[in-house]
Amino acid sequence: MRSQSESTLLRIPLEIRNQVLGYLITDQLHVILHKGALHWSICIEPELAFDLDGSERNLQGQTHSEKTWARRLRSSWGPHWRCEEFFQDRGRGKHTLDGALELDYVCKQVYNEVHALMASNTMFQITDLETLCYASTSKDTGARQLSFLHDVGRRVIANLVRLDITLRLPLSVWESIESGTSMLASPQAVAWMGIGTAIGQLQRLTKLSIWLDHDQQCSWSAVNERCILAPLLPLAKILRLVLPKLHPDLETSERHFTEDSASPFQIRRVLRQRYHAQSNEHHDPRNDASQDPPTKVIFKGDFPITLETCRFFYEPDFTSASLEEIEEDERDKWRRGVDVELWMKNLQDQLDDFSPHEYVDI
């Protein structure tokens, strides 16, 4: 066995050594609780495009059934649906970090330096509340200890600096929190109410991003934001929220953080998923060899409802400024008492009867 003083790696300056070790450490990692143990997997969507409607999950140029598209639309990983498939297809991420894990066996000094680099430089991604509560439980609380790839994660999780949380929860979870029945409802509702305490245990955390949505076709405006976001108030200084856009006819300053109301949070509003998976409620398994009810993909517009129509009539590529103009025009219609959904239905009726030699007033 050679001593550390004989190691070429350990003789070079720490700054250079960190650069070398950095090549073996990924920028973003998913942490997943699976069968009672924590696993990690590389994030393959590090630069997410948030304003997506779900059509991108039906990959062009590849043959996929509507069932595959529907499964992707239902993913609780939200915009990280590709990462979920990668994790499932690659044996739950066990071999995606071999280079970094092998360094654990070099020596104690390298072990400590690698974990310090991961805690400081890696953005950790969590997509469910059970993993979050499990991973943030420290040894000092007397709760169960972590088993995280040969016990590696205990040191890393306790000292992480950046955390990104993506949660697409059942609408019923958010509704139970608003009604005050969360303590009698699902474990997810109970876990959400304690999210501030759970994340508060990560004492070195300086950057926190949380993406939220529900799993139904209706607008995000059905959720009482002020109520469900209350547990996050202790984290407001380091928190950036990514939330779906509010419907102008459904938003209220009493329930939502509207544009003209004060908010303790930094909030980015994004387009909500517009394609959804829908099961056949009248499916009879006695008449079908498959036990799973057939699923179809449907389109359900959300604010701005006029987006697709404007893109069809004007230009295919919209800048963010163009999107803002569409939103403002639609908000103005709602303010003037125009039922935009009815207006769109009438427009669609005109388009259905449209002749190439006629003009349609939009």
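The values are calculated or read from the model by the stated rules, or taken from the named source; none is laboratory data. The structure displayed is predicted, hence computed values, not measured ones. As a convention, Cβ positions derive from the backbone with ideal geometry for all residues, glycine included, and neighbour counts pool all protein chains shown.
Taking the range 76-102 as the range and being surrounded by fewer than 18 Cβ atoms within 10 Å (Cβ to Cβ) and either acidic (Asp, Glu) or modelled with pLDDT under 80 (or both) as the test, the residues that pass are 85, 89, 90, 91, 92, 94, 95, 98, 99, 101, 102. Of the residues examined, residue 331 is one that is over 22 Å from residue 211 (Cα atoms) and at pLDDT 90 or above. Taken over the range 189-218, the criterion of being crowded, with 20+ Cβ neighbours inside 10 Å and not hydrophobic (A, V, I, L, M, F, W, C) is satisfied by 213, 214. Within the range 165-185, restricting attention to residues that are out of contact with any helix residue (DSSP H, G or I) (no Cβ under 7 Å at 6 or more places or on another chain), polar (S, T, N, Q) and farther than 21 Å from residue 73 by Cβ, the residue that is modelled with the lowest pLDDT is 181. Please state which one of 52, 10, 73, 24 is modelled with pLDDT under 80 and out of contact with any Cys (no Cβ under 9 Å at 6 or more places or on another chain). Every option except 24 fails the conditions.
Looking only at the range 293-324, residues that are part of a loop (DSSP other than H, G, I, E, B), out of contact with any strand residue (DSSP E or B) (no Cβ under 8 Å at 6 or more places or on another chain) and at pLDDT 60 or above come to 5 in all.
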